[in-house]
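Encoded as structure tokens, the structure appears first; notes follow it.
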Amino acid sequence: MRRSLGLWLYLLFSVVLIWISHHNLINAYLQLVVMFIGINIILSSSLNIINGYMGEFSCGHAGFMAVGAYVTSILNVWLFTSDRVFGPPLLSPSAALYLFPVTLLAGGVAAALAGLLVAIPSFRTRGDYLAIITLAVNYIVKSSVENIQAIGGARGFMGMRKVVNSMRDVADLPWVMIWILVFTGLTVWIIHRFVNSTYGKGIVAIRDDEIAAEIMGVDTRNMKMIAFMLSSGLAGMAGGLFAHILGYINPGTFTIMKSTEVMVMVYLGGMGSLSGSVLSAVLFTVLLELLRPLQVIKWVVVPLLLIVLMLFRPEGLLGNRELTDVFPRLRKWFSSSEKVS
Amino acid sequence: MALLEIRNMTHFFGGLRAVYDFNLRLEGGELMGLIGPNGAGKTTVFNLVCGFYRPTEGEILFEGKETAGLRPHAVTAMGIARTFQNIRLWNTLPVYDNLCISQHFRLGYGLKDALLRTRRFTAREKNVHKTAEELLELMGLRHYAQELPGNLPYGLQRRLEIARALATRPKLLLLDEPAAGMNPGEIDQLIDLIRWIREQFDLTVWLIEHHMRVVMSVCERVQVLDFGETIADGSPEEIKQNRRVIQAYLGSEELSHA
């Protein structure tokens, strides 16, 4: 019971959140912010696998997000709505409710395959050179989407609203919010289990000393592939969810700016700290919203805060530690490493 | 069948001949030494044997099986483990994790098991932890289990590196200058440790060393390299008397008078 306390608390939190959103006890704007927080948690914690735990420098996370966003959206629009390009729905629109996780997963798988574009070069290069490759992949994805007119090119792609509406027709609940809560929880759970197993710690060994890792029995190629695919796959699912919040996506959303934003969250929270990534995704999203009245000046203030942070706390808020290390009392309830003994 | 057999192994780095026509046969159970002046190619030999480089020519047979072309982790899986000249521990992971992760190649479970915490995961992790616990105990590292390797004194870091190698359950242990940077007291401990390890774990030990005290008191047989070529091979006493070895280390008389 104690071991799964975190899970129960999260479930309770989710149910309360869904209930108050359903009864419109918080306004649509706040609901939107909550949903973006969820997306940002998925993005930052999944990037932390690469930049934090594995010690590589990926700066093209938005590219994988785009792959997931487009694949999921196209699948949903094609399968569940009558669309100008794709014609009448292939399946009953009400099936969207049950099949949404499937299409989302398909988007994740597509993004994971795109992750191979980075994973395979990473066998031979690392550090700065690999960073350039991730940057290139980001551009490749964005430019490809821009040039495929069938899915709207640079104008963007829409129609996901209808998918969400047909889910609401089946049962009147804030479905996007529900899916985001489910997949945010799932992401954190997956990453937690991955990095706390001896198997997953192989990537930390790669960060600390790749040569020693390879010679002392870690199949570094396999682990790099797993790490990159896991990270980009989760980013893809974040993209798929993101696309359904506003019901509209365009390639301009998934530029290097977006990737940078995710990177900032990772470094703000601390490299190799899962709770740090979650915390910083919440703080960063809320901060951006709070500073909205400043308008353009916001983009001066936020980077300035970042400079201050890097000067006085370069390891980020938690930096390689978890919340349970900072507040050992928490460990009584949340075991950070479920040790098998 | 020999444990390790190296035949006519030659390795070039571009135009530089690092190792030339290297031959060795280890039957199993020996304490073998590899010495030579700086830059003689000793570490290159180790890098070739553990699969980090692929020999330009020649073959390496471990228990009769060819190792050339295998990636290092696969060679480790066959039963060859090593330590490094400049200690290469995973410094952000505690001592305990260092001992667990080197068992990575024989975890026997994958991503799915790690995420779902299947029965296989639980069983295999239990084995991993058991081996790590045993080694902590045997190698006297129990007290430092949750310490980061970088915080340990130098001698203990060396010891941990050996423990990490042992966690892979090797048949052949390669030690690359285990006594480098140690004080005389630590060296005495190391000599005892190497002998004890061979008995306790039933291993073959092959070591590179500059400290003659270690080589002479530990090794049963010594091979000497100079500019990549083997110039002598025999018992420590024979090596001590060998004229070519003395020349390689001290220079020839004609030169020193020139």
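Only one of the numbered conditions (1) farther than 27 Å from A:M167 by Cα; (2) surrounded by fewer than 23 Cβ atoms within 10 Å (Cβ to Cβ) is violated by A:L99, and that is (1). Of all residues in the stretch B:106-120, those satisfying the criterion of being touching a residue at least 12 places away in the same chain (Cβ under 8 Å) and more than 8 Å from chain A (Cβ to nearest Cβ) are B:G108, B:R120. Within the stretch A:26-39, is even one residue open to solvent by 10 Å² or more (accessible area, probe 1.4 Å), more than 19 Å from A:P174 (Cα to Cα) and touching a residue at least 12 places away in the same chain (Cβ under 8 Å)? Among the residues of the stretch A:26-39, not one is open to solvent by 10 Å² or more (accessible area, probe 1.4 Å), more than 19 Å from A:P174 (Cα to Cα) and touching a residue at least 12 places away in the same chain (Cβ under 8 Å), which makes the answer no. Specify which of the listed residues (A:A213, A:A227) is at the interface with chain B (Cβ under 8 Å from one of its Cβ atoms) and either aliphatic (A, V, I, L, M) or over 23 Å from the mean Cα position of the chain (by Cα) (or both). Of the residues listed, the single one that is at the interface with chain B (Cβ under 8 Å from one of its Cβ atoms) and either aliphatic (A, V, I, L, M) or over 23 Å from the mean Cα position of the chain (by Cα) (or both) is A:A213. Only one of the numbered conditions (1) of a type in the set (S, T, Y); (2) open to solvent by 10 Å² or more (accessible area, probe 1.4 Å); (3) under 20 Å from A:I211 (Cα atoms) is not met by B:Y144, and that is (3). A count restricted to the stretch B:18-47 and to residues that are within 22 Å of B:E63 (Cβ to Cβ) and polar (S, T, N, Q) stands at 2.
Among the helices (runs of 4 or more DSSP H) confined to the stretch A:109-201, the ones with at least 1 residues that are open to solvent by less than 40 Å² (accessible area, probe 1.4 Å) and within 14 Å of chain B (Cβ to nearest Cβ) are located at A:175-195. Against the list (1) assigned to a helix (DSSP H, G or I); (2) over 20 Å from the mean Cα position of the chain (by Cα); (3) without any contact (Cβ under 8 Å) to a residue 40 or more places away in the chain, the condition B:L156 fails is (2). Report, by residue number, each residue of the stretch B:88-105 that is touching a residue at least 60 places away in the same chain (Cβ under 8 Å) and within 9 Å of another protein chain (Cβ to nearest Cβ). B:R88, B:L89, B:N98, B:C100, B:S102, B:Q103, B:F105, listed by residue number. For the stretch A:266-308, the tally of residues that are open to solvent by 70 Å² or more (accessible area, probe 1.4 Å) and of a type in the set (D, E) stands at 0.
Matching residues to (1) at pLDDT 95 or above; (2) of a type in the set (A, V, I, L, M); (3) within 30 Å of A:L130 (Cβ to Cβ):
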| position | (1), (2), (3) |
| --- | --- |
| A:F64 | yes, no, yes |
| A:V67 | yes, yes, yes |
| A:V71 | yes, yes, yes |
| A:L91 | no, yes, no |
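The rows are residues; the columns are (1) within 11 Å of chain A (Cβ to nearest Cβ); (2) among the β-branched types (V, I, T); (3) touching a Leu at 6+ places or on another chain (Cβ under 9 Å); (4) within 25 Å of A:F123 (Cα to Cα).
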{"position": "B:P37", "(1), (2), (3), (4)": "no, no, yes, no"}
{"position": "B:A40", "(1), (2), (3), (4)": "no, no, yes, no"}
{"position": "B:T43", "(1), (2), (3), (4)": "no, yes, no, yes"}
{"position": "B:F62", "(1), (2), (3), (4)": "no, no, yes, no"}
{"position": "B:A68", "(1), (2), (3), (4)": "no, no, yes, yes"}
{"position": "B:P72", "(1), (2), (3), (4)": "yes, no, no, yes"}
{"position": "B:V75", "(1), (2), (3), (4)": "yes, yes, no, yes"}
{"position": "B:F84", "(1), (2), (3), (4)": "yes, no, no, yes"}
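Those helices (runs of 4 or more DSSP H) of the stretch A:250-341 in which 2 or more residues are modelled with pLDDT of 85 or more occupy A:256-269, A:274-290, A:298-312. When we screen A:L91, A:L32, A:L47 for residues that are under 30 Å from A:G115 (Cβ atoms) and not in a helix (DSSP H, G or I), the only hit is A:L91.
More than 7 Å from chain A (Cβ to nearest Cβ), farther than 17 Å from A:M223 by Cβ and in a helix (DSSP H, G or I), is that true of B:A123? So B:A123 fits the description; yes. Here A:R321 does not qualify as more than 29 Å from A:L75 (Cα to Cα) and without any contact (Cβ under 8 Å) to a residue 12 or more places away in the chain.
Here are A:L11, A:L47: which of them is at pLDDT 90 or above, open to solvent by 10 Å² or more (accessible area, probe 1.4 Å) and not charged (D, E, K, R)? None of the other options fit; the residue is A:L11. In the stretch B:13-35, how many are under 30 Å from A:T220 (Cβ atoms) and either among the hydroxyl-bearing types (S, T, Y) or open to solvent by 20 Å² or more (accessible area, probe 1.4 Å) (or both)? Here the count works out to 6. Taking every residue in the stretch A:206-228 that is under 24 Å from A:T187 (Cα atoms) and pairing it with any residue that is aromatic (F, W, Y) and open to solvent by less than 40 Å² (accessible area, probe 1.4 Å), at least 6 positions away or on another chain, the pairs with Cβ-Cβ distances below 8 Å are A:R207/A:Y53; A:A227/A:Y53. Filtering the stretch A:221-265 to residues that are of a type in the set (S, T, Y) and either surrounded by fewer than 24 Cβ atoms within 10 Å (Cβ to Cβ) or over 30 Å from B:L107 (Cβ atoms) (or both) leaves A:Y248, A:T253, A:T255, A:S259, A:T260.
The values are calculated or read from the model by the stated rules, or taken from the named source; none is laboratory data. Please read these numbers as outputs of a predicted model, since none were measured by experiment. A quick note on method: Cβ atoms are made from the backbone with ideal geometry, for glycine too, and the neighbour counts reach across all protein chains shown. Note: areas computed on protein heavy atoms with side chains; ligands, DNA, RNA excluded. Shrake-Rupley method; radii C 1.70, N 1.55, O 1.52, S 1.80 Å.
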